[in-house]
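Here's the structure, in structure tokens; my notes come after.
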Amino acid sequence: MAELRVPKLNTNDGEYLLVEWLVEDGAQVHEDDLVALVETSKAAEELAADATGVLRHGVVAGAWCRPDQVIATIGGEAAAAQAAPPAPRHAAGRDVPPLVTAPAQAFADEHGITGDQLRELGLKVVRKADLERLLGHVRDLPKVQRAVARAVELSHRSIPAAYLAVRMDLAGAIEHARAETRAVRRPVGLAEIFVQAVAGLHERFPLFFATLDGDQVRLSRTADIGVTLDLGEGLYVPVLRDAARRTTKELASALMRYRLAATTGDFRPSDLSGATFVITLHTEGGVVMAIPFVFPGTTCALAVTAPREGSAADIGLAYDHRLINGRDAALFMNALKAAVEGLS
């Protein structure tokens, strides 16, 4: 019995999408036949059988799979397999008919796409998405947004989140930020203010920086604060490590570097991992409230909005209700309110 495993296709991805099976479950395949289509953040890849026999699916189409994961087995009916004529294999090129998936063929028939047009694509396997792009119906989701989509899906599937908002007067905090900007010669705004205020509550409220692992709670020794940045090139969440021990100038300098990196996506892997608490920024004009998702691996996400009534803003906390109850969330938010409103 041979196993069909997912190879390591892209060093930047820890999982891939099994788009579709090109061969039905229980069908006879021959070595090197194309049997599955897998999509990475960069491209679609066809997987070939490495043995002759009967293919048995182990993973359904549309599922996420990891490198080296077994997604099918090939075996049984070996004699019949040896006697059967080899299945046709398709190579890339305009003179060779490509393998057209069933959804792609239905789409081609519906829109009058001819066989010549399919060959002109120069693809070994033509998918429905290829034809949709050909007609301008769709565009690819950017790589960064694909990662966001996976995180959102995992969060909503596995974390029962609750939400609480507190109105805060940010007049003193904004004036404090202006004074700090002049003092440290770095831009200081609401992001830096809330990072410091949240980090200052780490020792009093350790569960808000913890990770739930089954029935066990893993506490973090430091306040490693992730801050969302989206400058039009995708959502990033770089991390300010041990924020409680860093000066305003250090935090402002780090966030300035991260904002520059967000314009190009030029982050180091270590910049984007290890957050124990996340602050999401929604300071665009007109936003009065935001409900963030709780990032997998964390317990809380704080939504910061800009003032809307004079100097008042509704600051919200999404939290994992398995670990934190409403009373504790209220105590945390009122302590945060006192810290922020106490600035001058």
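The values are calculated or read from the model by the stated rules, or taken from the named source; none is laboratory data. Note that the structure is a prediction, hence the values are computed from the model and not measured. Every residue, glycine as well, gets a Cβ built from its backbone with ideal geometry; the counts of neighbours run over all protein chains shown. Side chains are part of the model used for accessible areas, which takes the heavy atoms of the whole protein and leaves out ligands, DNA and RNA. Shrake-Rupley method; radii C 1.70, N 1.55, O 1.52, S 1.80 Å.
For GluC sites (Glu not before Pro), the sites in the stretch 249-344 that DSSP calls loop and that have at most 15 other Cβ atoms within 10 Å are GLU284.
Under 5 Å from the amide H of LEU240 lie the amide H atoms of ILE225, GLY226, VAL227, each residue being 5 or more positions distant or on a separate chain, with H modelled from the backbone and absent for Pro and chain starts. Restricting the stretch 189-240 to trypsin sites (Lys or Arg not before Pro) that sit in a DSSP loop and have at most 14 other Cβ atoms within 10 Å of their own Cβ leaves ARG204, ARG221.
Over the residues of the chain, the helix contribution to mean residue ellipticity at 222 nm works out to -9000 deg cm²/dmol, using -39500 (n - 2.57) for each DSSP H run of at least 4. Evaluating 6.51 cos²θ - 1.76 cosθ + 1.60 at θ = phi - 60° for every residue in the stretch 56-67, the Karplus couplings come out as 10, 5, x, 9, 7, 4, x, 8, 8, 9, 9, x Hz, glycine and proline recorded as x. Residues in the chain average 51 Å² of solvent-accessible surface per residue, probe 1.4 Å, ligands and nucleic acids excluded. Judged by the ratio a/c of the largest to the smallest principal axis of the C-alpha gyration tensor, the stretch 187-344 counts as rounded, that ratio being less than 1.5. Extending 7 Å from the Cα toward the beta-carbon at both LEU231 and GLU153 defines two label points whose distance is 2.9 nm. The gain in end-to-end length when the GLU284 to ASP215 segment is fully stretched comes to 20.9 nm, 0.36 nm per residue minus the alpha carbon separation. Shape class for the stretch 275-344: oblate, because the ratio a/c of the largest to smallest gyration tensor axis (alpha-carbon atoms, square roots of eigenvalues) is 1.5 or more and b/c is at least a/b. Under the simplified labelling scheme, the THR181-LYS8 pair shows an inter-label distance of 4.6 nm, with each label point 7 Å from Cα along Cα→Cβ. At full extension, ASP242 and GLU203 could sit 12.8 nm farther apart than now, given 0.36 nm per residue minus the alpha carbon distance. Backbone geometry of the stretch 251-264 corresponds, through the Karplus equation with coefficients 6.51, -1.76 and 1.60 at θ = phi - 60°, to 3J(HN,Hα) couplings of 5, 5, 5, 5, 5, 5, 5, 5, 5, 5, 5, 5, 6, 10 Hz, x marking Gly and Pro.
Across the accessible surface of the stretch 122-220, with the other protein chains kept in place and a 1.4 Å probe, carbon and sulfur atoms take up 51 percent.
Here's the list of lysines a cross-link from LYS8 could span, going by alpha-carbon distance under 20 Å and ignoring same-chain residues fewer than 8 apart: LYS42, LYS143.
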